[in-house]
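Contents: one structure, followed by commentary.
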Amino acid sequence: MSQSIPVCWSTVHATVTPAPVTVEKLSDRDLILRCQAGLRPDKAAFAELLRRYQPHVERILYHLAPDWQDRADLAQEVWIRVYRNIKRLNEPAKFRGWLSRIATNIFYDELRKRKRVKSPLSLDTPRIAEDGEMDWEIAGDNPSPEEELTTREFYEQLQEAIADLPEVFRTTIVLREIEGMPYEEIAEITNVSLGTVKSRIARARARLQSQLQNYLNGQ
């Protein structure tokens, strides 16, 4: 006759190893924290951030410099700077705005290095509407050499004027006037109030108009 062995089920514990969470399922915040945890950013987490935000970087650079053939090099420089400085980002929720500022700053750093560049914007001539918006009118299909020269000269002045703006003004005016973002989205990206965004854009427009008044008046 076999002898039964009493078992106390309260002492039996099944060991279940949880499946590892792939980086694709992590939130942006968790990816950033992983990148900040070690001596160097976690490769898988950083690669996933790059995958998610590369289109955002490319879109900003395209709107700033559609005619530049080396935008891919600028995008690479953006991510190199992110890799080197991501530990300095104190608030992961601000990553998108931080990334946007890096992209715009790298563009203007490169712009300063070039003695003469083609217009990074279209050849349309902006007009200032009554509400202060910059209206980028469509240029003629066949502008005369004089018109094209005048337009290029204007954009050279515009590029220099934007590059001379304080960083907070430069970022907001680029996101608004060039990338076409609504005020609410700019406020979210830069993590400031809606009123602050509108104030910065208004002050940036005033500075640009002051420096470019002759061009804006068609002189």
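The values are calculated or read from the model by the stated rules, or taken from the named source; none is laboratory data. Please read all numbers here as calculations on a predicted model, not as lab measurements. Cβ placement follows ideal geometry from the backbone for every residue including glycine, while neighbour counts extend to all protein chains displayed. Only protein heavy atoms, including side chains, enter the accessible area calculation; ligands, DNA and RNA are left aside. Shrake-Rupley method; radii C 1.70, N 1.55, O 1.52, S 1.80 Å.
Any residue that is open to solvent by 60 Å² or more (accessible area, probe 1.4 Å), touching a helix residue (DSSP H, G or I) at 6+ places or on another chain (Cβ under 7 Å), assigned to a helix (DSSP H, G or I) and modelled with pLDDT of 85 or more - is there at least one of those in the range 208-219?
Checking the range 208-219: not a single residue is open to solvent by 60 Å² or more (accessible area, probe 1.4 Å), touching a helix residue (DSSP H, G or I) at 6+ places or on another chain (Cβ under 7 Å), assigned to a helix (DSSP H, G or I) and modelled with pLDDT of 85 or more.
Given the options A45, A75, name the one that is within 19 Å of L175 (Cβ to Cβ), part of a helix (DSSP H, G or I) and either open to solvent by less than 50 Å² (accessible area, probe 1.4 Å) or at pLDDT 95 or above (or both).
A75
Can you tell me which residue within the range 28-60, out of those that are of a type outside the set (D, E) and without any contact (Cβ under 8 Å) to a residue 12 or more places away in the chain, is farthest from I86 (Cα to Cα)?
P55
When only residues in the range 150-166 that are open to solvent by 10 Å² or more (accessible area, probe 1.4 Å) and out of contact with any helix residue (DSSP H, G or I) (no Cβ under 7 Å at 6 or more places or on another chain) count, which is modelled with the highest pLDDT?
Among them, the one singled out is P166.
Please specify each residue of the range 33-42 satisfying the condition of being part of a helix (DSSP H, G or I) and either of a type in the set (K, R) or surrounded by 15 or more Cβ atoms within 10 Å (Cβ to Cβ) (or both).
Those that are part of a helix (DSSP H, G or I) and either of a type in the set (K, R) or surrounded by 15 or more Cβ atoms within 10 Å (Cβ to Cβ) (or both): R34, C35, Q36.
Can you tell me which residues in the range 169-200 are over 21 Å from E58 (Cα atoms), outside any helix (DSSP H, G or I) and modelled with pLDDT of 85 or more?
Those that are over 21 Å from E58 (Cα atoms), outside any helix (DSSP H, G or I) and modelled with pLDDT of 85 or more: V192, S193.
Just checking, how many residues over the range 48-72 are open to solvent by 50 Å² or more (accessible area, probe 1.4 Å) and in a loop (DSSP other than H, G, I, E, B)?
2
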